[in-house]
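Q: Structure in structure tokens, see below.
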Amino acid sequence: MAFKKVWCALALGFLLPFSCAHTDFFTSIGHMTDLINTEKDLVVSLKDYIKAEESKLEQIKKWAEKLDQLTDTATKDPEGFLGHPVNAFKLMKRLNTEWGELESLVLKDMSDGFISNMTIQRQFFPNDEDQTGAAKALLRLQDTYNLDTDTLSRGNLPGVKHKSFLTAEDCFELGKIAYTEADYYHTELWMEQALKQLDEGEVSSADKVYILDYLSYAVYQQGDLGKAMALTRRLLELDPEHQRANGNMKYFEYIMAKEKEANKSSTDSEDQQEKETEVKKKDYLPERRKYEMLCRGEGLKMTPRRQKRLFCRYYDGNRNPRYILGPVKQEDEWDKPRIVRFLDIISDEEIETVKELAKPRLRRATISNPITGALETAHYRISKSAWLSGYESPVVSRINTRIQDLTGLDVSTAEELQVANYGVGGQYEPHFDFGRKDEPDAFKELGTGNRIATWLFYMSDVSAGGATVFPEVGASVWPKKGTAVFWYNLFPSGEGDYSTRHAACPVLVGNKWGEYLPPTRVCPVLGGGLAFFFLWTSEIKFFVKKSI
């Protein structure tokens, strides 16, 4: 499936720059685009090799055809043929010289150029971790957006430009990766999809015996003994000598017999025998459920009465001289906590400059360990980040000044501008931007206080997914290129506002959840209704901090 480049957070903040030796392609669409060019180069090299082999075979073919005609004539009258002295000479020449040259041509290796290029490019290839990370991303998108395996496998995601599909072998591979993680729920889903596609006649190298072997065990691990036995019987029909399946069947029959014996002694044995085990995905924490619902556009808690109090306006930064004559467009996104959006606040040219500056520096995003304070990677933050300082570019400096003018906050103690690029299914699960009381040393090395506020620029549009959501209050903020959102992390007292706990939803290509779009507010001063997109692509994230 094709994914749209998702530039997500340009964050001006006080986190220390970090270095990362790992490539982690799957955590950044921006870096994955380089792999497209790598693969294209390899295809060109491969086609050159094929042409060389075809040319070689054409020469051999012409030689064979010429000799075929000649030997046919010679074998009909060998003495008469050799009676011509030229034929005798040419026979000696062919066998002594020309056949040797043909042998050299046949033995000539035409693959040297391709193999050399392959060897050079291989050092830039993704590794097993990248493949596993991309597979987990598909599973994450499947769960977050309630996608069934057939929808993903067939590539039926509305709005995609380049439709793609998963083969039975691809589905089998996804199932195996889930299996190695002891994720039997997804193992069952994807092994069943692989089996379904094979049953429908798809030609594949995937083997039904192997699929049924994984599938029956995954089903058993989830407690469905009857289904596990049925699948094992089907496996044994295909391979009666399968050692593990025969052993499993004996074990399943033994367990089944024990259950029947236990049921007989029970007063409600008939009900017990008829009862089927319900197989469910493992329960999530309540916050996780809220998070996933908000990512899908469900569970919003904005009542009509509260919504009427949200307005759109022209804003001059509290009469900032730069904006008195040219105020910016501002609208309320949420009331508590107050989240406002600035429209047309960053130009396309500025966005491209920031991307160009950031891309060479993108490294796997990290989080601060709440106990040690050390920066480390985490499975719940799938992205890459780069840090930009104001002195590096007039564009970055201009962005910093703009934020200061519009917020009235001093950015001299702010962190550097952070640019984040999200990867396949990239996300950042619920977190706080401010340091809590149990993290007294979160910003000690920087010599600054806590994060007062957060500012996010959205740097691209996408079709579906990727919203910024606030599970505590049931709010979702949808992306729109060239806009920015702003909220305070701290109360005036300096205490943290726990309602600002937020998350970046996984990015999904397509607009499947159109009916769940948040309400649009009509703002006459801005020239009509505002369009909201269900998916989020990019953001510039800016943290303003207290000095100490």
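The values are calculated or read from the model by the stated rules, or taken from the named source; none is laboratory data. All values derive from a computational prediction rather than experimental measurement. Glycine also receives a Cβ, built like all others from the backbone with ideal geometry; neighbour counts cover every protein chain displayed. For the accessible areas, the whole protein counts, side chains as well, though only heavy atoms, and no ligand, DNA or RNA atoms are used. Shrake-Rupley method; radii C 1.70, N 1.55, O 1.52, S 1.80 Å.
Q: Please list the non-local residues whose amide H lies under 5 Å from the amide H of ARG364, H modeled 1.01 Å from N, same-chain partners needing a gap of 5 or more.
A: The answer is SER385.
Q: Oh, and also: Please compute the volume of the convex hull spanned by the alpha-carbon atoms of the stretch 173-220 and report it per residue in Å³.
A: Taking the convex hull of the Cα positions in the stretch 173-220, it is 59 Å³ per residue.
Q: Could you give the length gained on full extension between VAL43 and LYS336, defined as 0.36 nm per residue of separation minus the Cα-Cα distance, in nm?
A: Numbers: separation 293, 0.36 × 293 = 105.48 nm, distance 5.43 nm.
Extra length from VAL43 to LYS336 when fully extended: 100.0 nm.
Q: On the principal axes of its Cα set, how long, how wide and how thick is the stretch 81-172? Give whole Å, largest value first.
A: Largest first, the stretch 81-172 extends 86, 31, 25 Å along its Cα principal axes.
Q: With a Förster radius of 35 Å, plug the Cβ-Cβ distance of GLU349 and ASN127 into 1/(1 + (r/R0)^6) and report the FRET value to the nearest 0.05. List each step's numbers first, then the result.
A: Numbers: r = 37 Å, r/R0 = 1.04.
That pair, GLU349 with ASN127, gives E of 0.45.
Q: Now a separate question. Which FRET efficiency, nearest 0.05, do THR401 and TYR185 yield, Cβ-Cβ r, R0 51 Å?
A: 0.50
Q: In whole percent, and with a 1.4 Å probe on the protein chains, what portion of the accessible area of the stretch 149-203 is carbon and sulfur?
A: Roughly 50 percent, rounded to a whole number.
Q: Quick query: amide H of ALA467 versus all other amide H atoms, modeled in the peptide plane; which residues come in under 5 Å with a sequence gap of 5 or more or a different chain?
A: CYS505, TRP536
Q: Measure out, as a whole number of angstrom, how far apart the alpha-carbon centroids of the stretch 320-356 and the stretch 31-48 sit.
A: Result: 39 Å between the Cα centres.
Q: Moving on. How large is ³J(HN,Hα) for each residue in the stretch 481-494, as worked out from phi by the Karplus curve 6.51 cos²θ - 1.76 cosθ + 1.60 (θ = phi - 60°), to whole Hz, x for Gly and Pro?
A: Per residue, the Karplus-derived 3J(HN,Hα) values read 4, x, 10, 8, 10, 9, 8, 8, 8, 10, 6, x, 6, x Hz.
Q: Heavy atoms only, probe 1.4 angstrom, no DNA, RNA or ligands counted: give me VAL219, VAL43, VAL203 ranked by accessible area, highest first. Don't jump to the answer; show the numbers that get you there.
A: Details: VAL219 0, VAL43 65, VAL203 140 Å².
Putting VAL219, VAL43, VAL203 in descending order of accessible area: VAL203, VAL43, VAL219.
Q: Just order 414-427, 94-107, 189-202, 233-246 by mean Cβ neighbour count inside 10 Å, highest at the front, would you?
A: Ranking the peptides 414-427, 94-107, 189-202, 233-246 by packing returns 414-427, 189-202, 233-246, 94-107.
Q: Using a probe of 1.4 angstrom, how much of the accessible area of the stretch 303-367 is carbon and sulfur, in percent?
A: The value for the stretch 303-367 is 50 percent carbon and sulfur by accessible area.
Q: Using the beta-carbon distance between TRP99 and SER205 and R0 = 60 Å, what value does 1/(1 + (r/R0)^6) give for FRET efficiency, to the nearest 0.05?
A: The value I calculate is 0.90.
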